[in-house]
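The values are calculated or read from the model by the stated rules, or taken from the named source; none is laboratory data. In this text the structure is predicted, and so the values were computed from the model without any measurement. Glycine gets a Cβ as well: all are built from the backbone with ideal geometry, and neighbour counts include every protein chain shown. The accessibility values were calculated without ligands, DNA or RNA, using every heavy atom of the protein model including side chains. Shrake-Rupley method; radii C 1.70, N 1.55, O 1.52, S 1.80 Å.
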Amino acid sequence: MSVKVKSVYEPLNELTVIDVVKPLNFFDESTANDLIVKEIGDGNLNLVFHIEDPLSKKALIVKQALPYAKVVGESWPLTLDRARIESDALSQEAGSVPHLVPKVYYSDSQLAVTVMEDLSDHVILRKGLIEGKTYQQLAEDIGTFAANTAFYSSDFYLHPFDKKEQVKQFSNPELCKITEDLVFTDPFFNHDTNDFPDELQKDVEKIWADQDLLREVAQLRFSFLTRAEVLLHGDLHTGSIFVKEDSTKVIDPEFAFYGPAGFDLAHFFANLALNHLSQNAHAKEPFHRESVQSFLLQTIEKTWETYTETFKELWHGKSSDPFTKIEGVLESFLQNTFQEVIGFAGCEMIRRTIGLAHVADLDSIEQKDIELFYKKKALELGSYLIKNQRKFTSITQLKDWIRGA
Ligand code: ADP
Ligand code: MG
């Protein structure tokens, strides 16, 4: 939609945000003065406004990037360009999987806003999982999302000139730096961004002293820094996925960039694994716990199966690269990707336990000693995955290790 709005950056508020949506003619003109506006974001990085016409019940979302990030009271400048990246990534994803992302109605890179479909009838997957809910459509949807967005952005599909253009378009240095520091560096050294209780000190020091582990992390980090294989979501944890019974929507791709193909699924699997651990505390009734945990493991398996099947189909049906016709090339690409999934997942499990940004799944365990017990398990499993990634050849092995953790 092309409309003219004033385009000098200023943070919006519940009044000025109306000026952004009015020209879009989304709402009936007669009710334009009665719109109900609520800021619903958590305010760390972005403003998220929910705007509703109480008569027609039509609603939309305006997300605006703030020029800084706030974490534990500190603030540091952060590029507004991430709003452009987010709306570009949503549009790109909509090219192959329109049913799995929110519709974008309008975007303005000066104002750093994306106006999009309201998904308030969905819940954030992390929240649903902590409450012990299960979602039968999830695995197929995330596998389909990851395979399509990977294949259509890769050199297996794109002309090399277009691929390089896209790598430029999705160059995202400031948000990548956050991942480089908070996922791949700080948790593995005695850094002041780390955050863990004293009771974990010994376990953390074991990680910091483990040279074999650190050598593997160095490789994974180098791969993240250098391997522009496919367009990634960049932050595909369970807080970036909206779900309801029969629908899945992947939101918040402000970390999108070109990186190694296994990165997104690794984050998805690591967050499911952390939830799996936390269910030992959250799901009190054994039968229910059993069924939630088996759902989580099945989701991991089915996501990977859907990913590989979909990727194979696209590879054979849509690729113009002559090497895709050579036997074994696809299998070796998928096996490399799989090993990195395991390694990256290990890094994510560790950083979510001792780094700056934690997950509510573990942090919300009521009893402190139980919380510590499962955090230790998360560190052990994360370390094992990183150090043994090359031994993993099938998704069943990953399921077994999570089940046995
Ligand atoms: P941030 O990057 O600041 O975390 P998100 O895109 O994750 O921003 O959005 C923050 C919260 O705002 C989400 O957890 C969700 O509750 C709400 N939200 C975001 N996008 C939508 C949407 N399209 N529909 C409804 N709620 C949304
Ligand atoms: Mg975000």
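Assess whether Phe222 counts as being within 12 Å of ligand 1 (Cβ to nearest atom) and either out of contact with any Asp or Glu (no Cβ under 8 Å at 6 or more places or on another chain) or among the aromatic types (Phe, Trp, Tyr) (or both). Considered against the rule, which asks whether it is within 12 Å of ligand 1 (Cβ to nearest atom) and either out of contact with any Asp or Glu (no Cβ under 8 Å at 6 or more places or on another chain) or among the aromatic types (Phe, Trp, Tyr) (or both), Phe222 comes out as no. Filtering Tyr68, Tyr105 for residues that are open to solvent by 40 Å² or more (accessible area, probe 1.4 Å), of a type in the set (Phe, Trp, Tyr) and within 12 Å of ligand 1 (Cβ to nearest atom) leaves a single hit, Tyr105.
Quickly run through region 204-233 and pick out the residues that are within 22 Å of the chain's Cα centre (by Cα) and of a type in the set (D, E, K, R). Listed by number, the residues that qualify are Arg221, Arg227, Glu229.
Yes/no per residue for (1) touching a Lys or Arg at 6+ places or on another chain (Cβ under 9 Å); (2) under 22 Å from Tyr9 (Cβ atoms); (3) within 15 Å of ligand 2 (Cβ to nearest atom):
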residue	(1), (2), (3)
Asp34	no, no, no
Ser56	no, no, no
Lys63	no, yes, yes
Ala69	no, yes, yes
Ala83	yes, yes, yes
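Whenever a residue of region 394-405 is open to solvent by 40 Å² or more (accessible area, probe 1.4 Å), its partners that are among the hydroxyl-bearing types (Ser, Thr, Tyr), lying with C-beta atoms within less than 8 angstrom and at least six residues away or across chains, give the pairs Trp401/Tyr384.
Selection over region 359-371 of residues that are open to solvent by 20 Å² or more (accessible area, probe 1.4 Å), not acidic (Asp, Glu) and not in a loop (DSSP other than H, G, I, E, B) gives a count of 3.
Could you identify the single residue in His276, His288 that is touching a helix residue (DSSP H, G or I) at 6+ places or on another chain (Cβ under 8 Å) and either free of Cβ contacts under 8 Å to residues at least 24 places away in the same chain or more than 16 Å from ligand 2 (Cβ to nearest atom) (or both)? One residue alone meets the criteria, His276.
Looking only at residues in region 351-390 that are within 16 Å of the chain's Cα centre (by Cα) and of a type outside the set (Gly, Ala, Ser), the one that is farthest from Ala283 (Cα to Cα) is Arg351.
Taking each residue of region 15-28 that is closer than 12 Å to Leu60 by Cα and looking for partners that are modelled with pLDDT under 95 and of a type in the set (Ser, Thr, Tyr) with beta-carbon atoms closer than 8 Å, six or more apart or interchain, yields Phe27/Ser56. Within region 115-126, residues that are away from ligand 2 (no atom under 16 Å from the Cβ) reach partners that are outside any strand (DSSP E or B) and open to solvent by less than 30 Å² (accessible area, probe 1.4 Å) with beta carbons closer than 8 Å, at six or more positions or on different chains, in the pairs Val115/Val20; Val115/Val21; Val115/Leu24; Glu117/Pro102. Number of residues in region 244-294 that are assigned to a helix (DSSP H, G or I) and touching a strand residue (DSSP E or B) at 6+ places or on another chain (Cβ under 7 Å) equals 2. Mind listing just one residue for me: the one in region 150-178 that is in a helix (DSSP H, G or I) and in contact with a strand residue (DSSP E or B) (Cβ under 6 Å, 6 or more places away or on another chain) and, of those, most open to solvent (accessible area, probe 1.4 Å)? Only one residue fits best here, namely Val167.
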